[in-house]
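Enquirer: Next up is a structure, given as structure tokens.
The values are calculated or read from the model by the stated rules, or taken from the named source; none is laboratory data. Since we're looking at a predicted model, the values are computed, not measured. No Cβ is skipped: glycine too gets one built from the backbone with ideal geometry, and neighbour counts run over all protein chains shown.
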Amino acid sequence: MGEGKRGKPSSELERLQIFAQLATEYFRMVELFSADGGPVPREPAEPAEPVDSVDAAAAERTHWIELFRAVLLRKFIVPDEHVSLKLVVRALRLCNYAADARISEGADQAATLFTDGMIRGRQKLMSGLAPDDQDDAHDLFEDVLYGRLLHGDADRFRRSGWAEDYARLSTVAAGRFHAEHALRKALDVVSFGLAQDLLRPPDPGGDAGGASCADAGPGA
């Protein structure tokens, strides 16, 4: 699936500028809303409230924080999103007008860190949730996001009941969170390039179509 035209950045440089701000905000959110970032909110407890009830509330809090985190991370890992790592790496290569080695090497490192398995490699974790003939079991995690958080899609809601298993959801989400290493690397490279004026829009004759998607990382 290719990048959608709606809301598309006006240039590859603008893509990098938007990415830098959104990725910075994402990591700030992760820092502020860590699962152990404060007391677990719950109804006033009875004096002799069992410890198990506190543990259950902590697990529930972790569950929701991980879901919200996965929602915000989604725009960086789904290939057709405007600030996906795939398109950001591609934009870095296109905007590296002086062929600066630091930008080139950083883009390569981000592409290497962002593996195809972060998008499609969760079939084993989802074993038993999808029919045997369904080869895109990774979409079951998207069912959770679309059926329960982003939209009220009935079909996806019905397929996402497994998400109530907190332990399983946490295990599946962890595969996505590995992408944060690539996201951090890409953010560092983009921020450096913007600060040092090493990134400029590509020549009109060398638009995004001139770069090989196969060189831009997974999901191409």
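Enquirer: Quick one: in the range 106-127, which of the residues that are within 25 Å of TRP162 (Cα to Cα) and not in a loop (DSSP other than H, G, I, E, B) is modelled with the highest pLDDT?
Expert: The selected residue is MET118.
Enquirer: If the requirement is being in contact with a Pro (Cβ under 6 Å, 6 or more places away or on another chain) and either charged (D, E, K, R) or at pLDDT 85 or above (or both), which of these qualifies: LEU16, LEU72, LEU22, LEU94?
Expert: LEU94
Enquirer: All but one of (1) at pLDDT below 85; (2) surrounded by 15 or more Cβ atoms within 10 Å (Cβ to Cβ); (3) more than 23 Å from VAL71 (Cα to Cα) hold for GLY210; which doesn't?
Expert: Every listed condition holds for GLY210 apart from (2).
Enquirer: Can you say whether PHE141 is among the aromatic types (Phe, Trp, Tyr) and modelled with pLDDT under 80, as far as the supplied structure shows?
Expert: Yes: the conditions hold for PHE141.
Enquirer: Now for a separate question. Quick one: GLY152 ticks every box in (1) modelled with pLDDT under 80; (2) in a loop (DSSP other than H, G, I, E, B) bar one, so which box is it?
Expert: (1)
Enquirer: Which residues, taken from the range 70-105, are assigned to a helix (DSSP H, G or I), without any contact (Cβ under 8 Å) to a residue 12 or more places away in the chain and not polar (S, T, N, Q)?
Expert: ALA101, GLU105
Enquirer: What single numbered condition from (1) of a type outside the set (D, E, K, R); (2) at pLDDT 80 or above; (3) more than 15 Å from LYS86 (Cα to Cα) fails to hold for VAL54?
Expert: Unmet condition: (2).
Enquirer: State which residue is surrounded by the fewest Cβ atoms within 10 Å (Cβ to Cβ) when the search covers only the range 144-154 and only residues that are farther than 26 Å from ARG28 by Cα and not aliphatic (A, V, I, L, M).
Expert: GLY152
Enquirer: Continuing with the same structure: Tell me, which residue of the range 155-203 that is without any contact (Cβ under 8 Å) to a residue 12 or more places away in the chain and within 21 Å of LYS86 (Cα to Cα) is surrounded by the fewest Cβ atoms within 10 Å (Cβ to Cβ)?
Expert: Within the range 155-203, the match that is surrounded by the fewest Cβ atoms within 10 Å (Cβ to Cβ) is ASP203.
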